[in-house]
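The values are calculated or read from the model by the stated rules, or taken from the named source; none is laboratory data. Predicted model only: the values in this text are computed from it and were never measured. Please note: Cβ atoms are built from the backbone with ideal geometry, for glycine as well, and neighbour counts cover all protein chains shown.
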Amino acid sequence: MPLTGKVVVVTGAGGGIGKAIALKCSVAGADLVLASRSRDLLELVADEVTALGRVAAVVPTDVTDGESVEALAEATYARFGRVDVLVNNSGIAGPTALTWETNVDEWQETLAVNLTGPWLCCRAFIPRMIPHQSGSIINIGSITGKRPLLGRTPYAATKAGLIGITRTIAEEAGPHGIRVNLVSPGAVEGPRIDRVFEAQAEATGSTPEHVRRNFEKMSPMGKIVTAEEVANAVVFLASDQASAITGIDLNVTNGMVMY
């Protein structure tokens, strides 16, 4: 139970990786604050957390809005009086199009959710961690921040940007006992990656099955990551077992990326 007694905030907790992270943290002993735009999805996850014997607070949040993020931080402290772990998981896939065919509004939306959102959350929660001289922040990135993916310039820019944000905030927050790390998954099983495969197939004149096989071939293990495998890495970085680890970019990719 490496997270026993800890309070964990997870953004984008309504499904996919975020839901898996929330449930793994619950199993590891944490109480949860679940945030995303959809209350209905959060309530379903909260029911599962409660069934595991932990407490779950549901706080609908728009991570692109500073006031909404501040309200999330205030609600967390009103309920629990502290936060030990912040998992910045909220993200969108963004458009699939060549750069010169990408809509400016789509570019701005992708940056707002994937890059500004984590920054706003760090800005809101770190001052509340400082009095405790402890805390762990885990940003969820992607291997697309380190290797090209056709037609995904906005998404790639945000995930590369998270590397810089993570390292810089780790430097800033370290003197206060706060660790900041990044988990960069490869393609993760689920509806979202299926939509990405479909968009890639359309953009390249291929089929989703062919795109998927090409992704699998990039892995020495010949397979795609599961959300649970990503969640396992998050629980480790959130725990005191990772007390000497900060500023790292941890690949969870089945070897698709090794740097």
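Scanning the stretch 36-82 for residues that are among the polar types (S, T, N, Q) and closer than 27 Å to PRO127 by Cβ yields SER36, THR61, THR64, SER68, THR76. For VAL59, the conditions (1) more than 23 Å from VAL183 (Cα to Cα); (2) assigned to a strand (DSSP E or B); (3) in contact (Cβ under 8 Å) with a residue 40 or more places away in the chain are fulfilled apart from (3).
For the stretch 157-259, list the helices (runs of 4 or more DSSP H) that sit wholly inside it and hold at least 3 residues that are within 18 Å of GLY16 (Cα to Cα); which are they? Passing ranges, in order: 191-204, 227-238. Restricting the search to the stretch 148-164, which residues are closer than 21 Å to ALA233 by Cα, surrounded by fewer than 22 Cβ atoms within 10 Å (Cβ to Cβ) and in contact (Cβ under 8 Å) with a residue 40 or more places away in the chain? If the condition is that a residue be closer than 21 Å to ALA233 by Cα, surrounded by fewer than 22 Cβ atoms within 10 Å (Cβ to Cβ) and in contact (Cβ under 8 Å) with a residue 40 or more places away in the chain, then GLY161, ILE163 are the ones that fit. In summary, ARG195 fulfils each of the numbered conditions (1) closer than 29 Å to GLY164 by Cα; (2) without any contact (Cβ under 8 Å) to a residue 12 or more places away in the chain with the single exception of condition (2).
State whether the residues of the stretch 31-52 include one that is assigned to a loop (DSSP other than H, G, I, E, B), over 17 Å from the mean Cα position of the chain (by Cα) and of a type in the set (Lys, Arg). Spell out how you get there, then give the answer.
Pass one, the stretch 31-52, residues assigned to a loop (DSSP other than H, G, I, E, B): 37-38, 52.
Filter once more, keeping what is over 17 Å from the mean Cα position of the chain (by Cα): 52.
If we keep only those that are of a type in the set (Lys, Arg) too, we end up with none.
Looking for residues that are assigned to a loop (DSSP other than H, G, I, E, B), over 17 Å from the mean Cα position of the chain (by Cα) and of a type in the set (Lys, Arg), one finds none in the stretch 31-52, hence no.
Here VAL225 fulfils each of the conditions (1) aliphatic (A, V, I, L, M); (2) under 30 Å from GLY29 (Cβ atoms); (3) surrounded by fewer than 20 Cβ atoms within 10 Å (Cβ to Cβ) apart from (3). Filtering the stretch 93-119 to residues that are in a loop (DSSP other than H, G, I, E, B) and in contact (Cβ under 8 Å) with a residue 40 or more places away in the chain leaves ALA93, GLY94, PRO95, THR96, ALA97, LEU98, THR102. In this structure, SER136 qualifies as within 20 Å of VAL7 (Cβ to Cβ) and either assigned to a helix (DSSP H, G or I) or in contact (Cβ under 8 Å) with a residue 24 or more places away in the chain (or both).
Taken together, GLY186, GLY177 contain a single residue that is surrounded by fewer than 23 Cβ atoms within 10 Å (Cβ to Cβ) and out of contact with any Lys or Arg (no Cβ under 9 Å at 6 or more places or on another chain), which is GLY177. Considering the conditions (1) assigned by TED's automatic domain parsing to the domain that holds CYS121; (2) in contact (Cβ under 8 Å) with a residue 24 or more places away in the chain; (3) at negative phi, GLY177 is excluded by exactly one of them, (3).
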